[in-house]
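Participant: Take a look at the following structure, please.
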There are 4 protein chains.
Amino acid sequence: MIKAGVIGVTGYTGIELYKLLHSHPATAIAWLTSENSAGQRLSDVFPCPWDDPLLALAEAPLDRADVVFLCLPHAASMPAVAAAHAAGARVIDLSADFRLHDAAVYQQWYGVPHSEPALLAQAVYGLPELHRAAIAPADLVANPGCYPTSVILGLAPLARAGWLAGQVIADSKSGVSGAGRKAKLSNSFVEANENLSPYSIGYSHRHIAEMEQELNAERQTLDGVGADWRIVFSPHLLPVSRGILSTLYVTLPAGVDEAAVRAAYAEMYADEPFVHLLPAGQVATLHHTVYSNRCAIGLTFVPGTPTLIVTSTIDNLIKGASGQAVQNMNVMFGLDETTGLNA
Amino acid sequence: MIKAGVIGVTGYTGIELYKLLHSHPATAIAWLTSENSAGQRLSDVFPCPWDDPLLALAEAPLDRADVVFLCLPHAASMPAVAAAHAAGARVIDLSADFRLHDAAVYQQWYGVPHSEPALLAQAVYGLPELHRAAIAPADLVANPGCYPTSVILGLAPLARAGWLAGQVIADSKSGVSGAGRKAKLSNSFVEANENLSPYSIGYSHRHIAEMEQELNAERQTLDGVGADWRIVFSPHLLPVSRGILSTLYVTLPAGVDEAAVRAAYAEMYADEPFVHLLPAGQVATLHHTVYSNRCAIGLTFVPGTPTLIVTSTIDNLIKGASGQAVQNMNVMFGLDETTGLNA
Amino acid sequence: MIKAGVIGVTGYTGIELYKLLHSHPATAIAWLTSENSAGQRLSDVFPCPWDDPLLALAEAPLDRADVVFLCLPHAASMPAVAAAHAAGARVIDLSADFRLHDAAVYQQWYGVPHSEPALLAQAVYGLPELHRAAIAPADLVANPGCYPTSVILGLAPLARAGWLAGQVIADSKSGVSGAGRKAKLSNSFVEANENLSPYSIGYSHRHIAEMEQELNAERQTLDGVGADWRIVFSPHLLPVSRGILSTLYVTLPAGVDEAAVRAAYAEMYADEPFVHLLPAGQVATLHHTVYSNRCAIGLTFVPGTPTLIVTSTIDNLIKGASGQAVQNMNVMFGLDETTGLNA
Amino acid sequence: MIKAGVIGVTGYTGIELYKLLHSHPATAIAWLTSENSAGQRLSDVFPCPWDDPLLALAEAPLDRADVVFLCLPHAASMPAVAAAHAAGARVIDLSADFRLHDAAVYQQWYGVPHSEPALLAQAVYGLPELHRAAIAPADLVANPGCYPTSVILGLAPLARAGWLAGQVIADSKSGVSGAGRKAKLSNSFVEANENLSPYSIGYSHRHIAEMEQELNAERQTLDGVGADWRIVFSPHLLPVSRGILSTLYVTLPAGVDEAAVRAAYAEMYADEPFVHLLPAGQVATLHHTVYSNRCAIGLTFVPGTPTLIVTSTIDNLIKGASGQAVQNMNVMFGLDETTGLNA
């Protein structure tokens, strides 16, 4: 059994991770931490039957875990990752702290300098569909953000083929759990219910950095990719608890037709257990993927134009966070990648 | 035009009151206060086109209003009511501070002594269907609570007839706006959505005091009412923005049949513009009353038993708060009672 | 008092229209029809206190109304409009049947030939912000669609200035009442709740025809407008009862800067009572406009790019249907345009 | 591997059952039927990646299944159960057809005569917490209704102790999936959203028969139980997709105190893997049990009165239907009772 520790278990990604690990056949939960609720039990904090104790991070026996998951806010995660790594555990960090390879880019978007540049150099971006081989032996995996997971998987076959050019619009809609488990007026029921709110539109949301890094990396696998592209990313707060739908608008290069595009997606995702490529005529909806670790992708071509509309959905707490973390753990520990993620 | 001031306009009852007064044909808004947002404009705080300035209470020209509405938390309201009254305005207080005639009962339920006993002695409980004649000349009206409005109107004909006896169960369900406009984890979208939570059950919710006061007063209009009765009040947090449904279970005295009960309700509410007595076979639902100042009441008799089930719904922000406040203002200023409340 | 008849009152736009007319100070409801519920009363069909009888259309005294509103499905509306017009009433048709000036375009999008080409030639597209002068004397007004209202008002200042060019993306999200009041699995609670579904994407939704007609007409007010433009319209079914948000992506021509764009919107909408132009830094949300006849418009410029993001919201049942119909009636009968629409 | 066939897989309980069986480690899905969608694949009917073919019942190889689950409407299930049983499969029927031991009572509540009285005599009511020993060897298990599961588990310890007397009120609230997957106006999004509707109140809902049968049977384990009791059952349609909360009001007999009641519940449910007895001070909410096979039970005593309030929640599709069916299968086939139900 893999002994797993979870740092910051009392947020929405933390509890989702707990549930996945608790029913995972090859994992045993070693310890849990929560700074806000240390000394209490999980059932004091969530409506659940599990009485596991919650420790302060300082008390957690880091060295008694084979793998440590961190569900902390950005910046807070850096020193905790370093401590868990120093204690000998393999680390899966769900924060943004180790996702961007370039510390300067991190500082630009997150406003704080990176305190662990040596560790950052070792971190692997934990999107198995792109980086499976690098994740397997990694000691530190940076679990992707929720919006980036939906956007990158939705566009990666185009990037890889060199077909991403010009302006790409990502009109994304996310359930409220994406904003975290905290008391905040804008996330309160009456404010979010029966509402839909664009926010951070106009090249300002931090997740743009991940999308650019990963999609540019895919493009650079090609020789002579020259054409520039730019993402316009518009997140919207959606009155559902969970799920992300990204509606992506791409102008295809001249000569690239529907058959070529469908073939590129089919080739890239043919053997992916968690990518559900929809047949022609179908679009992705939240119900395709909520409560699963899947990403569903639909392709719609606007007749008589070079416009491709990609619809891409995930459950933001599972494929967009904790399920993907377990998927990464499975890859890192040599398990079947779907173990504990079938339900 | 009646010049109206509103103290505490930036909560849910405050903004609802603003909207009603803004479109009321006989009212002009004189000034608005908000301690948290003083110096801003209404449109900075709510998604609306109205740019009225928000004052601190200390700056408000209390003497330039014919009527002052207070939408403050309990305890905070007492001194503000006294100040508005001293400035010469007629006062409608939406807090709980002047609803209970007995200062000792107030202290028992709200945990603070009453600081304005002289004013309390003048206050009228502002449920027009019960106290219209006393409201008309009043200088201080205590607007009822939301749950009590639904429960008292649902049971008053029984109380008046002397048919309230034994244990009466009020299983009430309220939308989340009833909890106020504040950042609180239990009111956050993800916690309340797709959920239903009983809370404060077992004779502990403060609104019980109002229900007992008013229903006992109705009973005391009869000679020789002896039988004791007791309310069991169970509020539930419902995943809707607004609306209250109270499902009320009453055991009728021997010899009181369906026809007699229907006659009692019909007699009491025949001319009430805001009570919608449903025909036999119908039950009250939230959709009967949301976005209106009405209370809908349905009567269901359990065959072969003395059990009567009363279903009673209101919009907690309108008939349960701000609409009722405007109804009281209409009564106090000699206007048609429905003015500005038809929409 | 204007005597108003309503044909097809038992759908969502019909009942909303009833409520508006019922509280309108210058209107009296003359008669109501409903083919499905003829012989019943309004309170049998909706949870409301109004007992107005419902007639079959064949029984309705068309000649006893000054104005007739039609809330029928497309195609069914054509003969009923003709009958009401022949009976001498001024007509406001909420269906799509008289919105498209060109009968061939109508047939192309709606699949049926137009049976009333002579009447079609007289019909005015009832968007008062664009066609107020033509609406005032009209005998037949075609009330705009809900999506088109949000998109056309969001883009009209650009069209009028000649700045609409290239591909314009309208990513629109609508509440479920837009799909009408009928039993249909895709509109059922469990299918739509906690979901978000794109539908009719890829140049297939019928409302595109209205958007093109009206925005092209605005462009043609200019000399020498040559650049072509094309709309990509993506509707999404949103888990709310009412409200539309259109997120519009426009590439501005070289040399058109933020100040010029803001000036164009300010000029066009300066005196419009129902257009709420948001200050810089704000985006439109559903809560800006639900339960009102307003359209809220926000302008966001993507730094360092020619991309403008317009956010535009309305209540689909009010400004997108019945409120706009009453606004048209006010214009047609010489009333203040806001009469009965303030609430 | 247990070979499982599912009859009527395209309703909400059917698809939930499919998901549970699909990830169950000891089960293989043999075949699926759907009368409405025969000839299609599961992914044509639900947003999912599973392409299993859907057969008409007449084509299903009944004899190639070890266990057959039926998710049909009542009355339709009787002949299908008989056919599956005759083909040699063990049968778990999720309809109401075999839940009531007395064919006359069945006919009284369901309005049709029972066509399979011999089979009815063999059927076991499939609530494992009450009838585990009888379920294990059974060939035909009648899976309980959703409301009855929440009410019976909430009251069984009282019934067994002989403390159920007088009037017991069950004020129950259910998510909309309980009404089935069909196009029906009352279940449409706009009708159910932001609403709460009592229905079938006043001793008229069919689930009362199950509650009386099972709770009376528990009482009859005692000698000399004489006091009569009666249930008043009030279902309400709740604007959530899934989950039931029953708020149960019981008047305890003289001399029965809180300690005794808590001991009775603790004793009955001590070793139950799927009953979560909450500590004093907590109430059951939907979030305790949705997406799990658990029933959560909270006990609240009204001070100074003999009134006990039991709050009991389940997921209506899992513990109230398909999860309980899998739990029954586990018991029948000698598996650990929690197999495939941990997630």
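Participant: Output, in nm with one decimal and in ascending order, the distances from the D:ALA104 label point to the matching label points of the other copies (7 Å from Cα along Cα-to-Cβ).
Facilitator: 6.0, 7.8, 9.0
Participant: Next question. How do D:ARG41, D:ARG262 rank by accessible surface area computed with a 1.4 Å probe, from largest to smallest?
Facilitator: Descending order: D:ARG41, D:ARG262.
Participant: Report, for D:PRO79, each distance to the same residue's label point in the other copies, shortest first and in nm; define the point 7 Å along Cα→Cβ.
Facilitator: 4.2, 7.4, 8.0
Participant: Turning to a different aspect of this structure: I'd like to know which of D:TRP163, D:HIS288, D:ALA82 lies farthest towards the positive end of the charge dipole of chain D, counting +1 on Cβ of Lys and Arg and -1 on Cβ of Asp and Glu.
Facilitator: So the residue furthest toward the plus end is D:HIS288.
Participant: For the pair A:GLN40 and C:ALA134, how long in nm is the line joining their label points, each one 7 Å along Cα→Cβ?
Facilitator: With each label point 7 Å from Cα toward Cβ, the separation is 6.3 nm.
Participant: Counting other Cβ atoms within 10 Å, keep those with at most 13, restrict to DSSP loop, and tell me which GluC sites (Glu not before Pro) in the stretch A:160-212 are left.
Facilitator: none
Participant: Using a 1.4 angstrom probe on the protein heavy atoms only, line up B:ASP336, D:ASP97 by accessible area, largest first.
Facilitator: B:ASP336, D:ASP97
Participant: Can you give me the pair-distance distribution of the protein assembly as shown, C-alpha pairs, 10 Å bins, whole percents?
Facilitator: Bin by bin from 0 Å, the calculated values are 1, 8, 16, 20, 21, 18, 11, 4, 0, 0.
Participant: Per 0.36 nm of contour for each residue apart, how much would the distance between B:LYS3 and B:HIS101 grow if the chain were fully extended, relative to their Cα-Cα spacing?
Facilitator: Here the answer is 32.4 nm.
Participant: Amide H to amide H under 5 Å from B:ALA28: which residues, 5+ apart in sequence or cross-chain, H placed 1.01 Å off N in plane?
Facilitator: Hits under the 5 Å cutoff: B:ILE2, B:LYS3, B:ALA4.
Participant: Using a/c under 1.5 as the rounded threshold, could you call the stretch D:78-234 rounded, prolate or oblate? The axes a ≥ b ≥ c are square roots of the C-alpha gyration tensor eigenvalues, and prolate needs a/b larger than b/c, oblate otherwise.
Facilitator: Oblate is the answer for the stretch D:78-234, as a/c is 1.5 or above yet b/c matches or exceeds a/b.
Participant: Helix-derived [θ] at 222 nm for the protein assembly as shown: sum -39500 (n - 2.57) over DSSP H runs of at least 4, divide by residue count, nearest 500?
Facilitator: Dividing the helical sum by the residues of the protein assembly as shown leaves -8500 deg cm²/dmol.
Participant: Okay, moving on. Taking only protein heavy atoms and a 1.4 Å probe, what accessible area per residue, in Å², does the stretch D:1-137 have with all protein chains in place?
Facilitator: Result: 39 Å² of accessible area for each residue.
Participant: In nanometres, what is the gap between the two model label sites at B:GLN108 and B:ALA87, each 7 Å from Cα along Cα-to-Cβ?
Facilitator: 3.5 nm
Participant: Then there's this: Output ³J(HN,Hα) for the stretch C:235-241: one whole-Hz value per residue in order, computed from phi by the Karplus curve 6.51 cos²θ - 1.76 cosθ + 1.60 with θ = phi - 60°, and x for Gly and Pro.
Facilitator: Couplings: x, 10, 8, 9, x, 9, 6 Hz.
Participant: Now, a different point. In a GNM of chain D with a 10 Å cut-off on Cα contacts, which of D:TYR147, D:TYR203, D:TYR249 has the highest mean-square fluctuation?
Facilitator: Result for chain D, Cα springs under 10 Å: D:TYR203 fluctuates most.
Participant: Follow-up. With respect to the axis carrying C onto A, what is the closest chain C residue by Cβ position, and how many angstrom separate it from the axis?
Facilitator: C:ASP171, 2
Participant: A follow-up question, please. Heads up, I need the accessible area for A:HIS101: 1.4 angstrom probe, whole protein in place, Å², nearest 10.
Facilitator: We get 110 Å² for A:HIS101.
Participant: Give me a single rounded figure for A:281-289: the average over its residues of other chain Cβ atoms within 10 Å of their Cβ.
Facilitator: For peptide A:281-289, the averaged partner shielding equals 6.
Participant: How big is the dipole moment of the protein assembly as shown about its Cα centre under a simple scheme where the beta carbon of each Lys and Arg is +1, that of each Asp and Glu is -1, and everything else is neutral? Debye, nearest 20, please.
Facilitator: 0 debye
Participant: Which value, in debye to the nearest 20, gives the size of the charge dipole of chain D about its Cα centre, when Lys and Arg are +1 and Asp and Glu are -1 at the Cβ?
Facilitator: 440 debye
Participant: Around A:TYR125, which amide H atoms from residues at least 5 apart in sequence, or from another chain, sit under 5 Å from its own amide H, with H modelled in the peptide plane?
Facilitator: Correct list: A:ALA142.
Participant: Distances from C:GLU267 to the same residue in each other copy, label points 7 Å out along Cα→Cβ, in nm, shortest first?
Facilitator: Distances to the matching label points in the other copies: 5.2, 7.2, 8.7 nm.
Participant: So, R0 is 56 Å and r is the distance between the beta-carbons of D:PHE333 and C:SER115; what FRET efficiency does that work out to, to 0.05?
Facilitator: About 0.30, to the nearest 0.05.
Participant: Just the accessible area for A:ARG242, please: 1.4 Å probe, Å², rounded to the nearest 10?
Facilitator: 20 Å²
Participant: Residue farthest toward the positive end of the dipole of chain C, with Cβ of Lys/Arg at +1 and Asp/Glu at -1: which of C:TRP50, C:TRP31, C:PHE333?
Facilitator: Value: C:TRP50.
Participant: In peptide A:43-51, what is the residue-averaged number of other protein chain Cβ atoms found within 10 Å of each Cβ?
Facilitator: Mean partner shielding for this stretch: 5.
The values are calculated or read from the model by the stated rules, or taken from the named source; none is laboratory data. Quick caveat, the model's predicted, so the values are computed rather than measured. Counting neighbours? That spans all protein chains shown, and the Cβs are built from the backbone with ideal geometry, glycine included. These accessible areas exclude ligands, DNA and RNA; they are computed on the full protein's heavy atoms, side chains included. Shrake-Rupley method; radii C 1.70, N 1.55, O 1.52, S 1.80 Å.
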